[in-house]
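Here the structure comes first, spelled out in structure tokens, and everything after it is commentary.
Here, each number is a calculation from the coordinates, and none is a lab measurement. Keep in mind that what you see is a predicted model, and the values were worked out from it rather than measured. In this analysis, Cβ positions are derived from the backbone assuming ideal geometry, glycine residues included, and neighbour counts consider all displayed protein chains.
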Amino acid sequence: MNHKQRGFTLIELMVVLVILGVLFGLVAPNVIGRGDEARVQAAKTDIRTIENALDTYRLHNSHYPSTDQGLEALVSKPSGSPEPNNWRGPYLKQSPKDPWGNEYGYIREGTSYEIISYGADGQAGGSDIDEDISSTDTE
């Protein structure tokens, strides 16, 4: 009785594993670590969107929200000074959070402002690995 057995030999399986290992070795370094780059890019895009909403707010009210009023002024009508006499919001659907889940920082000085994502650590300042992302840097 001469039955042909079907299946892979041990050598064939080892060749396939070696090929998969080589492919993983070539592809993995290009894919791993790109998550942080994507988050930084998403934060820069978010900041540009917030800037557009702030510019629309200023067009309607002749000024930007104060630091105390913050970015929440883009979601619901703020109280306090300066009073938004012609608020037509919401200018954003919800309070913006950066890609790491933290609130964006907002500082208004005179007629200008700065929007800041403090990165993964959520703290002002940072190392080369975890730098803050600012609206003054994204232009």
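Listed values for region 83-98 are Karplus-derived 3J(HN,Hα) couplings in whole Hz (6.51 cos²θ - 1.76 cosθ + 1.60, θ = phi - 60°), namely 5, x, 6, 10, 5, 10, x, x, 8, 9, 5, 8, 4, x, 10, 6, and x replaces Gly and Pro.
Site pair Ile19 and Ser76 shows an inter-label distance of 6.1 nm when each label is modelled 7 Å from Cα along Cα→Cβ.
Other residues whose C-beta falls under 13 angstrom from the C-beta of Asn85 contribute a net charge of +2, scoring Lys and Arg +1 and Asp and Glu -1. Between the helical axis of 34-61 and the longest alpha-carbon principal axis of the chain there is an angle of about 20 degrees.
For region 31-127, the relative contact order comes to 24 percent (Cα pairs under 8 Å, sequence separation of at least 6).
An ellipsoid equivalent to the chain, defined through the eigenvalues of its Cα gyration tensor, has semi-axes of 54, 17, 11 Å when rounded to whole angstrom and sorted largest first.
Within the set of other residues whose C-beta is less than 15 Å from the C-beta of Thr56, count the net charge using Lys and Arg as +1 and Asp and Glu as -1. Kindly include the intermediate steps, with their values, before the conclusion.
Details: positive: Arg48, Arg58, Lys77, Arg88, Lys93; negative: Glu51, Asp55.
Neighbourhood net charge equals +3.
In terms of other Cβ atoms within 10 Å, Leu74, Leu26 run from fewest to most in the order Leu26, Leu74.
Taking the C-alpha atoms only, the angle from helix 10-31 to the longest principal axis of the chain is near 20 degrees. Within the shell defined by Cβ-Cβ distances under 15 Å, the residues around Glu109 carry a net charge of 0, with Lys and Arg each +1 and Asp and Glu each -1.
Close amide H partners of Tyr91, meaning residues 5 or more places away or on another chain with modelled amide H under 5 Å apart, are Val75.
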